[in-house]
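Quick notes on the structure that follows.
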Amino acid sequence: MAMIGLFGVLIAFIFFLVFQCFFVCKKSHNVALLENWPFLGMLPGILFNLPRIFYWLSEVHEANDMTFAFKGPWFSGTDMLFTVDPRNINHMLSSNFPNYPKGPEFKKIFEILGDGIVAADMELWEDLRKSGHALFHHQNFLKLTVSSTTSKLKNDLVPLLDQAAEENIVIDLQDVFQRFMFDTASILMTGYDQMSLSIEMPEVEFSEAADFAEEALFYRHLKPVILWRLQNLISVGVERKMRTASEFFNNTAKYKLLKPSNDKFIRDVVLSLLVAGRDTSSSALTWFFWLLSKHPQVMTKIRQEINTKFDPTDLDKLVYLHAALSESMRLYPPIPFNHKSPSKSEVLPSGHKVEAESKIVICIYALGRMRSVWGEDASEFKPERWISENGGLKHEPSSKFLVFNAGPRTCLGKHIALLQMKMVAVEIIQNYDFMVVEGQKIKPFPSVLLRIKHGLKVTVSKNI
């Protein structure tokens with residue numbers, strides 16, 4: 001009876017703490033104060049601000065000199081260091097890269113990706129990166145990217161937008177871009193068009209989940225379906241259906257850890273590339289077009305540039321378009337977080353000590369909004385910040401603009417992603433006008449990918 005009574009007192013005390021925590025959080029406007037409560041640590045502050053977690057983390061980083069130690073509930077193993085300090089980022093991702101692998105925790109979270117390049121570490125990652133670099137920079141692959149993207153635009157995206165314009169149909173741009181990128185990534189990686197983007201807009205098992213919890217359950221539930229479909233592609237003939245993916249393993253004799261004859265390994269590699277190819281670019285395009293709807297003067301400048309400088313064989317001439325895409329990704333990075341875990345204890349350039357196997361989180365979303373990094377106008381959408389005095393593109397260090405990662409893990413497909421996004425943007429901006437449906441609440445929600453919670457509903461009209 002005494003034990004039951006003690007347990008009841010403990011539960012009552014915890015509930016009292018929770019009530020106090022949320023009362024203080026509601027009353028306090030001081031984001032610099034991360035209250036560390038008994039038992040609960042700093043968790044109540046995050047839970048209270050969960051609906052606006054990205055904005056809140058930006059405020060907390062700015063108020064705490066870009067780095068702060070988060071204390072989780074007692075015995076939960078959730079203590080971690082948050083940082084957006086470019087000095088720390090450069091140290092972890094570049095100058096002391098060997099001490100900061102993805103770590104076992106990341107491998108657990110993304111277990112579905114198996115031995116694909118996204119989750120791989122150490123020697124396997126090195127082999128995958130070398131072979132992947134050879135593929136993504138091969139002239140044949142670049143030509144295939146252009147031809148498949150052009151074909152998908154002409155045969156699927158344009159008819160869909162034309163129908164939406166003629167019949168005044170509301171479409172979800174986020175869903176459209178996800179389908180477009182999934183189909184083109186599938187063509188590039190497997191030689192097979194999934195045909196998820198069409199006027200009929202068929203159901204796609206690979207669609208996004210509504211929030212982070214559903215996303216995790218979704219991937220776990222869907223995994224057998226994805227693997228079955230990829231298994232089917234492999235079983236009908238690697239030469240015919242997986243011809244592009246198999247190029248990934250050309251001359252693999254020098255890469256001892258690659259297993260081109262192993263079906264599971266091939267599936268892991270292809271699945272990683274499909275996920276990376278679809279989700280990041282579709283997220284970037286969705287936020288880009290939403291920002292254009294809020295800044296029509298930017299849309300006008302891009303359209304003028306397209307009308308005067310557009311060359312389908314040289315999209316690099318569209319400097320302002322590139323600047324606008326970069327500015328959009330600065331404010332709304334497709335992957336809002338990066339996770340690191342040091343192999344050995346050390347002190348970061350900011351002076352914070354990190355223990356071996358501890359958790360470090362880089363909030364890329366917050367990094368793009370730091371006034372101490374980007375200036376007092378950091379929260380404003382200004383493509384001009386990316387243009388130099390002579391009219392060319394201004395380079396920013398990856399420790400400051402982390403959208404494509406940094407150091408040895410810099411995104412292999414960066415040039416492919418930018419090429420495809422420019423092709424899609426030119427096609428839409430040159431030929432269509434769109435209006436965002438009123439009444440939508442456009443906001444990101446907590447996820448490993450930065451998506452708009454309920455999509456981006458728009459109406460389309462022909463630009464005559």
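What follows is calculated from the coordinates using simple rules that are stated; it is not laboratory data. As the structure is a computational prediction, the values presented were derived from the model and not from experiment. Using ideal geometry, Cβ is built from the backbone for each residue, glycine included, and neighbour counts are taken over all protein chains shown.
By how many nm would the segment from Glu200 to Asn36 grow when fully extended, if each residue of separation counts as 0.36 nm and the alpha-carbon distance is taken off? The partial results should precede the final answer.
On the way: separation 164, 0.36 × 164 = 59.04 nm, distance 5.26 nm.
Here the answer is 53.8 nm.
Run the simple label-point estimate for Thr78 and Asn155 please: 7 Å along Cα→C-beta, distance reported in nm.
According to this spin-label approximation, the distance is 4.8 nm.
For the pairs Lys309/Lys453; Lys340/Lys400; Lys130/Lys382, note any where the Cα-Cα span goes beyond 26 Å.
Lys309/Lys453; Lys130/Lys382
Which residues does the label zone of Asn307 cover in the stretch 417-457, counting backbone N under 17 Å from a point 7 Å along Cα→Cβ?
426-434
With a 10 Å radius around each residue's Cβ, average the other Cβ atoms per peptide and rank 82-92, 406-416, highest first.
82-92, 406-416
What fraction, in whole percent, of alpha-carbon pairs in the stretch 376-464 exceed 16 Å separation? Can you show the working numbers first?
Numbers: 2952 of 3916 pairs.
In whole percent, the long-distance tail amounts to 75.
Could you give the distance between the Cα centres of the stretch 364-400 and the stretch 323-347, to the whole Å?
14
Pulled fully out, how much extra length does the chain show between Glu384 and His138, if you take 0.36 nm times their separation in residues and subtract their Cα-Cα distance? Write down the numbers at each step before the final one.
Values: separation 246, 0.36 × 246 = 88.56 nm, distance 3.26 nm.
Fully extending the segment from Glu384 to His138 adds 85.3 nm.
How high is the FRET efficiency from Asn463 to Leu393, r the C-beta distance, R0 25 Å, rounded to 0.05?
Working: r = 26 Å, r/R0 = 1.05.
With a Förster radius of 25 Å, E is 0.45.
Rounded, prolate or oblate: which fits the stretch 385-429 when a ≥ b ≥ c are the square roots of the eigenvalues of the alpha-carbon gyration tensor, with rounded for a/c under 1.5 and prolate only if a/b beats b/c?
The shape class here is oblate.
Give, to the nearest whole percent, the P(r) tail of the stretch 319-403 beyond 21 angstrom, counting all Cα pairs.
So the pairs more than 21 Å apart make up 40 percent of the total in the stretch 319-403.
Could you tell me the calculated FRET efficiency between Arg52 and Ser147, based on Cβ-Cβ distance and R0 = 45 angstrom, to the nearest 0.05? Write down the numbers at each step before the final one.
Working: r = 43 Å, r/R0 = 0.96.
Using R0 = 45 Å, I get an efficiency of 0.55.
Compare the peptides 157-163, 278-284 by average per-residue count of other Cβ atoms within 10 angstrom and give them in order, highest first.
So the order, starting with the most tightly packed, is 278-284, 157-163.
Order the peptides 382-388, 60-66 from the highest to the lowest mean number of other Cβ atoms within 10 Å of their residues.
Numbers: 382-388: 16.6, 60-66: 19.0.
Final packing ranking: 60-66, 382-388.
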